[in-house]
Amino acid sequence: MAIALDQFPRLSTARPANQAHLLLWDTPTESDLSQLAFFNNAQRINYRDDLLARIDPGDRFLTLHHYPERELEAIKMICTRAQKPMVLLEGLDCLITYLRTQPQGRVTLFWSTLEKTRKLDALLWILLPIQLAPPSWPSDRLHTLAAV
């Protein structure tokens, strides 16, 4: 079910504007995401597509858990290259799910570092399913949407 246009949040009012925010939404449709981006003057960017563009075709394995700082830097660069004042980052669930399968608390370290990241060049909203939300993420930098 789609969300009503009048129920879209004003994501541009999020503060602090130079840090990452989470938008938890289990069932967005393509139409919902397009309308949300239009309503908030946001640029939709897909992390998976960005990752595929950065992968060296000669690499035999995708070892993202060894380089979480590289993925955080890639997220910062997404904000730097954005053509609009806000980024709606989709597809990060693939990285989070991957990190959750790795030992030694890699996903916890990733969330902690992302939470502390400052000075992003665009207001960043990361779209994730509710079950992937980190339990310690600040509630003032979190918004949950449910279909009506």
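The values are calculated or read from the model by the stated rules, or taken from the named source; none is laboratory data. Since the structure is predicted, the reported quantities are computational estimates derived from the model, not experimental observations. Positions of Cβ are generated from backbone atoms using ideal geometry, with glycine treated the same way; all protein chains shown enter the neighbour counts. Quick note on the areas: whole protein, heavy atoms, side chains included, nothing else; ligands and nucleic acids left out. Shrake-Rupley method; radii C 1.70, N 1.55, O 1.52, S 1.80 Å.
Taking all protein chains together, Ser12, Ser139 sort by accessible area into Ser139, Ser12, largest first [probe 1.4 Å]. Dipole size of the chain about its Cα centre, with +1 on Lys/Arg Cβ and -1 on Asp/Glu Cβ: approximately 440 debye, rounded to the nearest 20. Count Lys and Arg as plus one, Asp and Glu as minus one, and take only other residues whose Cβ is under 12 Å from that of Ala42; the net charge is then +2.
Note on exposure: Ser136, Ser112 ranked by accessible area (1.4 Å probe, complete protein assembly) read Ser136, Ser112, with the most exposed listed first. Take Asp121: with every protein chain present and a 1.4 Å probe, its accessible area is about 110 Å². If you take every residue apart from Thr108 with its C-beta less than 11 Å away from the C-beta of Thr108, what net charge results, scoring Lys and Arg +1 and Asp and Glu -1? Combined, the nearby Lys, Arg, Asp and Glu give +1. Surface composition of the chain: carbon and sulfur make up 55 percent of the accessible area, probe 1.4 Å. For the pair Phe38 and Thr108, the difference between a 0.36 nm per residue extended length and the Cα-Cα distance amounts to 22.0 nm. Here Thr63 sits with roughly 50 square angstrom of accessible surface, probe radius 1.4 Å. Counting only protein heavy atoms and using a 1.4 Å probe, the accessible area of Leu123 comes to about 10 Å². All other residues whose Cβ lies under 13 angstrom from that of Leu23 are scored, Lys and Arg at +1 and Asp and Glu at -1, for a net of -1. Computed with a 1.4 Å probe over protein heavy atoms only, the accessible surface of the chain comes to 55 Å² per residue.
Please compute the volume of the convex hull spanned by the alpha-carbon atoms of the chain and report it per residue in Å³. The partial results should precede the final answer.
Values: hull volume 17.0 nm³, N = 148.
Expressed per residue, the convex hull around the Cα atoms of the chain is 115 Å³.
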